[in-house]
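The values are calculated or read from the model by the stated rules, or taken from the named source; none is laboratory data. Quick caveat, the model's predicted, so the values are computed rather than measured. Using ideal geometry, Cβ is built from the backbone for each residue, glycine included, and neighbour counts are taken over all protein chains shown.
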Amino acid sequence: MEHFLDVYRNRTSSSERLFRRAKVVMPGGVSHNIHYFPPYPFFLKEAKGSKIYDVDGNEYIDLWMGHYTHILGHHPQLVVEAIEKQLREGIHWGIVFEKQVAWAELIQELVPCAEMVRFCCSGTEATMYAVRLARAWTGKKTILKIAGGWHGANPDLSVGIKMPYEREESLGLLSELQDYTRTILFNDLSQTLQTIQKHRADLAGIILEPVVGEGGFSPATEEYLKMLREETERSHALLIFDEVISGFRLALGGAQERFGIIPDLTTLGKVMGGGFPVGALVGKREILEATSPERKGKKWERILIGGGTFSSHPFSAAAGLAILHHLKENKDQIYPCLERKGEELRRGLQEVFNQEGVNGMVTGIGSLFQIHFPFERKEGLHSPHLINEKTDIEKREVEFRIRMLNHGVHVMHGGGSLSMAHTDEDLKKMIRATREVAKEMARSS
Ligand SMILES: Cc1ncc(COP(=O)(O)O)c(C=O)c1O
């Protein structure tokens, strides 16, 4: 039987050629490390609905959906129309405009903690500002983050992302970062509580994704979130939810609406820009107001939140406004539908692994899911550190991904996100493809 890498190479020769060209001008041929996988990534030509098409003419059902952005599918007509209209009005102004206000008003209405909104260009910027604001507001320095949690490449949170979670993540970052950014274990009440107690006097804030993207999209337990809410209050520290992925996806008001725990600050991105570059820091009025340029005071009282030539770009505002309006108007149809599809897919995929004798495990919530290959029998995989310690990441990221591509399905971290464009037929195809791949894996092991 042909090796899966040979099948991939045979199907993607134009991509291979493009990758050779790309490597000459971009380190590793990419501008975001997640876009690389060995032996080389396929290059895209077009995307529509649930499907993407590469430069060799291969069609795939896409589950990456532009880094989990496209909740309605690729290239939705309502975003296309909003952008065509915006294009006639203007491209980029760097001056405030009405759509920006309407967009902020809508976010204020939809996201429980969003009494005020500050836009920026990416989730990375939003989390950078969240940390800065937490430190400025509390006058303290220590931030706790989840071991394995990814909040973009901002330096303050580039600690403890990869195993063994002990160091800053890159050469070029100050090693002192680790003194002020400490890690806690997701859903581990006693370790987290101990760490909070140890750092309470200097605790500025705790930042976490209520559903961790690098942790199988496992949700935080109610007990865990309640404890974090109580302990941050007791410590005069801020609770920050990073809802860059879960915002407008897990529910219209994000994970905070779904789980009923309201943080002080929230970072947003992805879905809210309709496919255009976006980020936002939202939260309690009195805290956000502290960043206002209208605030009188001495220079040292200034809290600088917001720079960015392209902050609240008219295209992001137009697309974001269109998509959020649509989600609001159709929420009773959209969220139950995404929920049903997610549940059906997770159940179907788990059945495949059970039936084909492959030790695979499906995790996730709502429209988000991941597949893992535990080294031992199935265990509770409800946290990034457990997934990294107990499962074969290499198998998921290379072998499973490429075998799935060979069967016309594009997964990220073994799974991805569903959109309104994924049909029941797409779900059946994904389950069929996974069955074929599971059979191949069982034969080759
Ligand atoms: C939870 C989370 N926070 C922050 C970010 C950074 O967002 P961006 O890539 O827009 O900078 C990401 C990106 O994937 C993310 O998943």
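Identify, please: which residue in the stretch 336-361 is surrounded by 15 or more Cβ atoms within 10 Å (Cβ to Cβ) and part of a loop (DSSP other than H, G, I, E, B) and is, among those, nearest to the chain's Cα centre (by Cα)?
Among residues in the stretch 336-361 that are surrounded by 15 or more Cβ atoms within 10 Å (Cβ to Cβ) and part of a loop (DSSP other than H, G, I, E, B), the one nearest to the chain's Cα centre (by Cα) is 360.
Find the residue count for the stretch 245-278, including only residues that are out of contact with any Gly (no Cβ under 7 Å at 6 or more places or on another chain), outside any helix (DSSP H, G or I) and away from the ligand (no atom under 13 Å from the Cβ).
Of the residues in the stretch 245-278, 7 are out of contact with any Gly (no Cβ under 7 Å at 6 or more places or on another chain), outside any helix (DSSP H, G or I) and away from the ligand (no atom under 13 Å from the Cβ).
Can you tell me which residues in the stretch 148-206 are surrounded by 21 or more Cβ atoms within 10 Å (Cβ to Cβ) and touching a residue at least 60 places away in the same chain (Cβ under 8 Å)?
148, 149, 150, 151, 186, 187, 203, 204, 205, 206
Residues in the stretch 141-158: is at least one of a type in the set (Asp, Glu), farther than 21 Å from residue 262 by Cβ, in contact with a Pro (Cβ under 8 Å, 6 or more places away or on another chain) and assigned to a helix (DSSP H, G or I)?
Keep residues of the stretch 141-158 that are of a type in the set (Asp, Glu), which gives 156.
Those left that are additionally farther than 21 Å from residue 262 by Cβ: 156.
Cutting the leftovers down to in contact with a Pro (Cβ under 8 Å, 6 or more places away or on another chain) gives us none.
No - not one qualifying residue is present in the stretch 141-158.
Out of the strands (runs of 3 or more DSSP E) lying entirely within the stretch 42-124, which hold 1 or more residues that are farther than 29 Å from residue 427 by Cβ?
Answer list for the stretch 42-124: 116-120.
Does residue 285 fit the bill of being assigned by TED's automatic domain parsing to the domain that holds residue 139, more than 26 Å from residue 72 (Cα to Cα), exposed (fewer than 15 other Cβ atoms within 10 Å of the Cβ) and touching a strand residue (DSSP E or B) at 6+ places or on another chain (Cβ under 8 Å)?
Numbers: assigned by TED's automatic domain parsing to the domain that holds residue 139: yes; more than 26 Å from residue 72 (Cα to Cα): yes; exposed (fewer than 15 other Cβ atoms within 10 Å of the Cβ): yes; touching a strand residue (DSSP E or B) at 6+ places or on another chain (Cβ under 8 Å): yes.
Considered against the rule, which asks whether it is assigned by TED's automatic domain parsing to the domain that holds residue 139, more than 26 Å from residue 72 (Cα to Cα), exposed (fewer than 15 other Cβ atoms within 10 Å of the Cβ) and touching a strand residue (DSSP E or B) at 6+ places or on another chain (Cβ under 8 Å), residue 285 comes out as yes.
Which numbered condition trips up residue 139, out of (1) assigned by TED's automatic domain parsing to the domain that holds residue 266; (2) in contact with a strand residue (DSSP E or B) (Cβ under 7 Å, 6 or more places away or on another chain); (3) more than 16 Å from the ligand (Cβ to nearest atom)?
(2)
Residue 311 fails exactly one of the following numbered conditions: (1) surrounded by fewer than 21 Cβ atoms within 10 Å (Cβ to Cβ); (2) in a helix (DSSP H, G or I). What is the number of that condition?
Failing condition for residue 311: (2).
Could you check residue 185 against (1) within 12 Å of the ligand (Cβ to nearest atom); (2) among the aliphatic types (A, V, I, L, M); (3) more than 25 Å from residue 109 (Cα to Cα) and say which number it fails?
Among (1) within 12 Å of the ligand (Cβ to nearest atom); (2) among the aliphatic types (A, V, I, L, M); (3) more than 25 Å from residue 109 (Cα to Cα), the lone unmet condition for residue 185 is (1).
So which of 271, 282 is in contact with a Cys (Cβ under 8 Å, 6 or more places away or on another chain) and over 30 Å from residue 438 (Cβ atoms)?
On the way: 271 fails: in contact with a Cys (Cβ under 8 Å, 6 or more places away or on another chain).
None of the other options fit; the residue is 282.
Only one of these is aliphatic (A, V, I, L, M) and either more than 30 Å from residue 374 (Cα to Cα) or assigned by TED's automatic domain parsing to the domain that holds residue 391 (or both): 238, 208. Name it. Let's see the steps before the verdict.
Numbers: 208 fails: either more than 30 Å from residue 374 (Cα to Cα) or assigned by TED's automatic domain parsing to the domain that holds residue 391 (or both).
Sole residue among the options that is aliphatic (A, V, I, L, M) and either more than 30 Å from residue 374 (Cα to Cα) or assigned by TED's automatic domain parsing to the domain that holds residue 391 (or both): 238.
Each row is one residue, and each column tells you yes or no for (1) in contact with a His (Cβ under 7 Å, 6 or more places away or on another chain); (2) surrounded by 13 or more Cβ atoms within 10 Å (Cβ to Cβ).
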residue: 6; (1), (2): no, no
residue: 12; (1), (2): no, yes
residue: 24; (1), (2): no, no
residue: 64; (1), (2): yes, yes
residue: 74; (1), (2): no, yes
residue: 83; (1), (2): no, yes
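Kindly establish whether residue 270 is buried (at least 24 other Cβ atoms within 10 Å of the Cβ), of a type in the set (D, E, K, R) and either touching a residue at least 40 places away in the same chain (Cβ under 8 Å) or under 21 Å from residue 335 (Cβ atoms) (or both). If you could, list the steps in order and put the result at the bottom.
Numbers: buried (at least 24 other Cβ atoms within 10 Å of the Cβ): yes; of a type in the set (D, E, K, R): yes; either touching a residue at least 40 places away in the same chain (Cβ under 8 Å) or under 21 Å from residue 335 (Cβ atoms) (or both): yes.
It is true that residue 270 is buried (at least 24 other Cβ atoms within 10 Å of the Cβ), of a type in the set (D, E, K, R) and either touching a residue at least 40 places away in the same chain (Cβ under 8 Å) or under 21 Å from residue 335 (Cβ atoms) (or both).
How about the stretch 396-411: which of its residues are part of a helix (DSSP H, G or I) and either closer than 27 Å to residue 48 by Cβ or touching a helix residue (DSSP H, G or I) at 6+ places or on another chain (Cβ under 8 Å) (or both)?
Initially, the stretch 396-411 is screened for residues part of a helix (DSSP H, G or I), giving 396-406.
Scanning the stretch 396-411 gives 397, 399, 400, 401, 402, 403, 404, 405, 406.
Hey, can you tell me all the residues within the stretch 1-27 that are modelled with pLDDT of 95 or more and not in a helix (DSSP H, G or I)?
Residues of the stretch 1-27 modelled with pLDDT of 95 or more: 3-27.
Listed by number, the residues that qualify are 3, 12, 26.
Quick check on residue 241: is it within 14 Å of the ligand (Cβ to nearest atom) and either closer than 21 Å to residue 100 by Cα or not aliphatic (A, V, I, L, M) (or both)?
Criteria met by residue 241.
Go through the residues of the stretch 378-386 one by one and say whether even a single one is buried (at least 16 other Cβ atoms within 10 Å of the Cβ), modelled with pLDDT of 95 or more and assigned to a helix (DSSP H, G or I).
Initial filter on the stretch 378-386 (buried (at least 16 other Cβ atoms within 10 Å of the Cβ)): 381-386.
When the remaining residues are screened for being modelled with pLDDT of 95 or more, the result is none.
Scanning the stretch 378-386 turns up no residue that is buried (at least 16 other Cβ atoms within 10 Å of the Cβ), modelled with pLDDT of 95 or more and assigned to a helix (DSSP H, G or I).
So, residue 34, is that one within 21 Å of residue 426 (Cα to Cα) and either part of a loop (DSSP other than H, G, I, E, B) or within 24 Å of the chain's Cα centre (by Cα) (or both) or not?
Numbers: within 21 Å of residue 426 (Cα to Cα): no; either part of a loop (DSSP other than H, G, I, E, B) or within 24 Å of the chain's Cα centre (by Cα) (or both): yes.
No, not satisfied.
One residue is enough: does the stretch 152-169 have a residue meeting the conditions more than 16 Å from the ligand (Cβ to nearest atom), modelled with pLDDT of 95 or more and in contact with a helix residue (DSSP H, G or I) (Cβ under 6 Å, 6 or more places away or on another chain)?
No - not one qualifying residue is present in the stretch 152-169.
Tally time: how many residues in the stretch 387-414 are surrounded by fewer than 22 Cβ atoms within 10 Å (Cβ to Cβ), in contact with a Gly (Cβ under 8 Å, 6 or more places away or on another chain) and closer than 25 Å to residue 192 by Cβ?
Qualifying residue count for the region: 1.
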